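The values are calculated or read from the model by the stated rules, or taken from the named source; none is laboratory data. Treat the numbers as computed from the prediction; the structure is a model and nothing was measured. Heads up, the Cβs are rebuilt from the backbone with ideal geometry, glycines too, and the neighbour counts pull from every protein chain shown. Calculation scope for accessible area: heavy atoms of the full protein, side chains included, ligands and nucleic acids excluded. Shrake-Rupley method; radii C 1.70, N 1.55, O 1.52, S 1.80 Å.
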Amino acid sequence: MAGMVFRDLGHPETPDRAYADALQARAERLADAAAFITSSFTGAPAELAAEVAAAVDSLEPEITALSHRIFETPEVAFHEQRSAGAVAAAVERLTGVQATVGAYGLETAVEASIGSSHGGAPTVAILGEYDALPGIGHGCGHNIIAASAVGAFAALARLGDRLPGRVVLLGTPAEEGSSGKELMARRGAFDGIDAALMAHGFGYDAIDHPFIGRRILRMEFEGVAAHASASPFLGRNALDAVTLAYQAVGLLRQHLPPTDRVHGIVKEGGERPSVIPRRAVLEFYLRSHRADTLKELSRRLADIAHGAALATGTGVTLVWDPLPATLPTRFNRPLSERWAVHQATRGRKALTSAEVPSELAASTDFGNVSVRVPGIHPVIKVSPPGIALHTAEFAGWASSEAGDRAAVDAAFGLALTALDFLADGELRAAAREDFEGAGGALNVEEYFA
Ligand SMILES: [Zn+2]
Ligand SMILES: [Zn+2]
């Protein structure tokens, strides 16, 4: 064809950025036009709030030092010994309170608490993650999360006896792909907690950027091995079943809700071409914005596996969620609004999912916390908008001056929102009502059973 230029097939092409750029351009337009989010609640008394705000500012060197310390020694899920140790040491140094390392049966989970829930006073939890990614270190910026949580906790500790309730700091390991918070929840980490707060670095400031549900499905096909040339009719090909299932998922995509995601790899596909593969394994992640649509997506994937097995004369075993599923995150609106109000005083305009592209969604184990107790999981701007999490580029931002600023501003937002929750009974009632309106507490362990 005239004008057609063939590229060098020794290399992949560069993916076109037109769609990603268009999303970003739309987001920037909408962000400029967006109003600042307000709150109809008064929150904590002004004097207490001012004292906590000043405490956060005075803790700035400690917050950024902890962020860098964790950044420099990245540790993957369940192996965060040095990071958990750094969190516990900072808590003890800054508050004089003993921190427990190895809480709730996880060697690298941390817990510390201040204040008291005597006489029915409320309890709020502030959560900090600190696991890194294999190969790219803190490409998700969890160093910032840990530092902001410790900073908020230490600032609130300065109130001493005037703290109007109890604050629990939870160092929550193994967020990346491993549902550490769900494992902690099953051992009681959120019993007696009235609300849970954390903040995550991102390319935008937003209160409800979606974090969607995720399940893992491994399809293990078992066939019958045979000589692939001499007696193939005596075999049943497990790789054929994998091929059919993979193709069927491709065809299914047309009929899914547009924001559902299914992505998979072939884990095992046979040993050598001359042997009909006796065993072949596919692993998929299934993601959806709603718990009920994730359930329906699960059913359709199971049907596909069974259909592929039937068509090829193989057997199939479905292994669901070798690590616990994560549910879509609920964002408690009254508490999120308090966060946004406090961020505005730091010069940050917290946006909503109406402005920030919700197509850029991933998952977090905080979802499972947010369906147990009212919770917030705002994102705070660390990088320019186009930088994806889980990249070396984002890691660069997570250790930059912008990352340090985000850690301190997040500590500020967490501390003041926690204080609002403890001090303002009307806010607590509204947070509870919002939680019940979203479906109340879910039985996570049995949800997909
Ligand atoms: Zn991540
Ligand atoms: Zn993350």
List the helices (runs of 4 or more DSSP H) inside region 359-449, counting only whole elements, that have at least 1 residues being over 19 Å from F331 (Cβ atoms) and without any contact (Cβ under 8 Å) to a residue 60 or more places away in the chain. 392-398, 401-423, 425-437
What are the residues in region 180-198 that are in a helix (DSSP H, G or I), away from ligand 2 (no atom under 16 Å from the Cβ) and open to solvent by less than 30 Å² (accessible area, probe 1.4 Å), if any? M184, A185
Would you confirm, using the coordinates I've provided, whether G177 is at pLDDT below 95 and within 12 Å of ligand 2 (Cβ to nearest atom)? yes
For region 409-449, which positions are of a type in the set (S, T, N, Q) and open to solvent by less than 10 Å² (accessible area, probe 1.4 Å)? T417
Has region 2-22 got at least one residue that is closer than 21 Å to W339 by Cα and either over 27 Å from the mean Cα position of the chain (by Cα) or open to solvent by 40 Å² or more (accessible area, probe 1.4 Å) (or both)? no
Total residues in region 398-408, condition open to solvent by 10 Å² or more (accessible area, probe 1.4 Å) and either among the aromatic types (F, W, Y) or in contact with a Cys (Cβ under 9 Å, 6 or more places away or on another chain) (or both): 0
Residue satisfying condition, being closer than 17 Å to A174 by Cα and open to solvent by 50 Å² or more (accessible area, probe 1.4 Å), within set E107, E47: E107
Index of the failed condition, P384 passing every other in (1) at pLDDT below 95; (2) crowded, with 16+ Cβ neighbours inside 10 Å: (2)
Within region 322-377, how many residues turn out to be at pLDDT below 95 and of a type in the set (D, E)? 2
H118 - would you say it is without any contact (Cβ under 8 Å) to a residue 60 or more places away in the chain and either closer than 18 Å to T64 by Cβ or more than 14 Å from ligand 2 (Cβ to nearest atom) (or both)? yes
Inspect region 189-199 for any residue being within 16 Å of ligand 1 (Cβ to nearest atom) and either in contact (Cβ under 8 Å) with a residue 24 or more places away in the chain or within 29 Å of E359 (Cα to Cα) (or both) and give the result as yes or no. yes
Restricting attention to region 223-256, which residues are assigned to a strand (DSSP E or B) and buried (at least 17 other Cβ atoms within 10 Å of the Cβ)? R236
Within region 69-104, residues being open to solvent by less than 20 Å² (accessible area, probe 1.4 Å) and under 20 Å from L159 (Cβ atoms) number 3
